[in-house]
1. On the given criteria, is N90 in a helix (DSSP H, G or I), closer than 25 Å to Q5 by Cβ and under 22 Å from the mean Cα position of the chain (by Cα)?
2. Filter region 12-37 for residues that are closer than 15 Å to L67 by Cα and crowded, with 16+ Cβ neighbours inside 10 Å and give the result.
3. When both residues are 6+ apart or on different chains and their Cβ atoms are under 9 Å apart, which pairs have a first residue that lies in region 34-45 and is closer than 14 Å to A18 by Cβ and in the same structural domain as L16 (by TED's automatic domain parsing), and a second that is among the β-branched types (V, I, T) and surrounded by 14 or more Cβ atoms within 10 Å (Cβ to Cβ)?
4. Could you run through region 101-120 and say how many residues are at pLDDT below 90, under 21 Å from the mean Cα position of the chain (by Cα) and among the small types (G, A, S)?
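The values are calculated or read from the model by the stated rules, or taken from the named source; none is laboratory data. None of the values given here were measured: they were computed from a predicted structure. Glycine also receives a Cβ, built like all others from the backbone with ideal geometry; neighbour counts cover every protein chain displayed.
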Amino acid sequence: TKARQVYITNDQKRQLVAKYKEGGLTQGEVCEWGRITFGLSGPINQTSLSRYVKKHKDLNNMTSAELSSKRVNDVANKPLDEKLATWVLNCERMGAALTGNIITRKGQQLAETMGSAPTFSHGWLHKFVNRHKLKNVKLHGESGSVDTA
């Protein structure tokens with residue numbers, strides 16, 4: 001029977017690499033250590049650990065939000081994504097009500113100033129909101145924007 005695939009966070013991957021780099025344990029032993037330490041239902045694949053070791057610099061440079069994720073979200077234009085996320089967080093701190101349309105328009109403005117032309121689709125907006133764990137963004141149907149007269 002095939003073993004169940006195990007999903008671990010990027011922080012757990014980083015911990016596995018650190019344990020392996022301490023020395024004294026084989027990759028297989030580190031995988032077993034990780035399974036026990038992280039309380040996983042199945043084994044960590046040794047091939048996966050090899051991949052984490054090769055990409056350890058990426059794991060060490062991750063933000064806390066990226067480390068808590070189980071997948072690396074490749075963003076097409078990371079500088080634009082970071083600038084827009086910073087702008088959104090600043091607006092939220094000031095108490096501004098943001099909608100998906102406002103975020104999309106600001107993204108388009110920033111993209112123009114940065115000389116890029118990404119597509120700002122509904123899918124992009126949902127992924128942006130989820131990636132940055134934005135809670136106060138209204139994605140659909142802006143109430144109060146319809147003329148009732």
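1. Working: in a helix (DSSP H, G or I): yes; closer than 25 Å to Q5 by Cβ: no; under 22 Å from the mean Cα position of the chain (by Cα): yes.
Considered against the rule, which asks whether it is in a helix (DSSP H, G or I), closer than 25 Å to Q5 by Cβ and under 22 Å from the mean Cα position of the chain (by Cα), N90 comes out as no.
2. Step one: filter region 12-37 for residues closer than 15 Å to L67 by Cα, giving 12-18.
Q12, K13, R14, Q15, L16, V17, listed by residue number.
3. Every condition considered, the pairs that remain are G34/I8; G34/I44; F38/V6; F38/I8; F38/T9; F38/I44.
4. Here is the first cut: in region 101-120, the ones at pLDDT below 90 are 114-120.
If we keep only those that are under 21 Å from the mean Cα position of the chain (by Cα) too, we end up with 118-120.
Okay, now just the ones that are also among the small types (G, A, S), so none.
Final tally of qualifying residues: 0.
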